[in-house]
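FYI, it's all coordinate maths here, none of it is from the lab. None of the values given here were measured: they were computed from a predicted structure. Every residue, glycine among them, receives a Cβ derived from its backbone with ideal geometry; neighbour counts consider all protein chains shown.
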Amino acid sequence: MPHLGAHMSVAGGLPLAVDRAVLHGCRALQIFSRPSSQWRARPLAPEEIASFRERADAAGIVRPVSHASYLINLASAQPGLRRQSLEAFGDELDRAEALGLLGVVLHPGAYTTGTESGGLQLIAEGLAELLAARSGGRTLVLLEQTAGQGTMLGYRFEQLAALLDQLDGHPRVGLCLDTCHLFAAGYDLTTAAGYDETFIALDRLVGLDRVKVFHLNDSKKPCGSRVDRHEHIGKGCLGIEPFRRLLNDPRFAELPMVLETPKAVSTSRGPVERDAYDEMNLGVLRELLAYPSANTSASNR
Ligand SMILES: [Zn+2]
Ligand SMILES: [Zn+2]
């Protein structure tokens, strides 16, 4: 079965994110290893890195991932922003390597001033350069399929396929699929047929073996809205059934799946404490694993 977890705060240091995951019974974990909306980042102390790795290993957290800063835009043609983005994402990869992470989840980028194909080319060139400079590394670039807000690239599978083509199918590039983003981008997971078609299309264009991690979020906005608003599992436009299908889909049985749903405590500062919303959402997901078909569900939502 998939390894369930959540994005956890690193307030108080990276090792505390593992403690928060453990407190909620998680087997998967996503963190920010740099501030999510700031360019400046403090260096990670060797003791902090060692402690994170030890605790994650001891807790049996399967392949933690990090999410790259939202400021990074590898599709930007603006030289200053491009240089800053390449530097910051290089540092994200180096931190992930040091922390023993499966990879770094990255929004491919937004072509604010250029064209779609120009943007895709800039992203591919940037990633090729960063990976070539780290040829001995193992950590993956995990391109996240996006909701397609504004000029954000990577919401259509064709765009992700184009990126992989331009990277010659680089073995260190994988995909992160976010259920809210898929739905917002127009992939209707709410029907059995829509779910099947979505993954047939992805397999044909990219290959399902590229999928390395899932983000589990319901959506406040309808299918095809191209607006990214996360909702608690089962409480949004996706509803419960897409999650039941996904969690019990043997093709994704070994993958980490992490929640990015709203927290009850908006910023956990310092103490490691239970989050009522994380407990609620993880509880719903665990029940879906226990009841793989709708008519056998105890609550029959
Ligand atoms: Zn994301
Ligand atoms: Zn996501």
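Couple of notes before you dig in:
- Restricting the stretch 47-101 to chymotrypsin sites (Phe, Trp or Tyr not before Pro) that sit in a DSSP loop and have at most 14 other Cβ atoms within 10 Å of their own Cβ leaves Tyr70.
- Neighbourhood charge, 14 Å Cβ-Cβ cut-off, centred on Gly103 and excluding it, Lys, Arg +1 and Asp, Glu -1: +3
- Summary: within the chain, the longest segment free of GluC sites (Glu not before Pro) located in DSSP loops with at most 13 other C-beta atoms within 10 Å is 1-253.
- Each label was represented as a point 7 Å from its Cα along the Cα-to-Cβ direction; for Ala133 and Met280 these points are 4.4 nm apart.
- Ratio Rg/Rh [Cα only; Rh per Kirkwood] for the stretch 1-57: 0.99
- For the stretch 2-98, the list of trypsin sites (Lys or Arg not before Pro) that fall in a loop by DSSP and count at most 15 other C-beta atoms within 10 angstrom reads Arg40.
- Binning the C-alpha pair distances of the stretch 45-110 at 5 Å intervals from 0 yields a P(r) profile of 3, 18, 23, 20, 14, 10, 7, 4, 1 %, listed from the shortest bin outward.
- At q = 0.11, 0.14, 0.23 Å⁻¹, base-10 log of I(q)/I(0) for the stretch 174-294 (Debye sum, equal scatterers on each alpha carbon): -0.37, -0.59, -1.46
- Length gained when the stretch Glu254-Leu71 is fully extended (0.36 nm per residue, less Cα-Cα span): 62.8 nm
- For the chain, the mean residue ellipticity at 222 nm estimated from helices alone is -12000 deg cm²/dmol, where every DSSP H run of n ≥ 4 contributes -39500 (n - 2.57) and the total is divided by all residues, rounded to the nearest 500.
- Stokes-Einstein D for the stretch 9-137, Kirkwood Rh over Cα pairs, 25 °C, 0.890 mPa s (µm²/s): 159 µm²/s
- Here is the size of the chain from its Cα atoms: Rg then Dmax, 18.4, 57 Å.
- Ala41-Arg226 pseudo-label distance in nm [points 7 Å out on the Cα-to-Cβ vector]: 3.0 nm
- Beta bridges per DSSP with both ends in the chain, % antiparallel, nearest 5: 10 percent
- Check: the chain dipole with +1 on Lys, Arg Cβ and -1 on Asp, Glu Cβ, in debye: 440 debye
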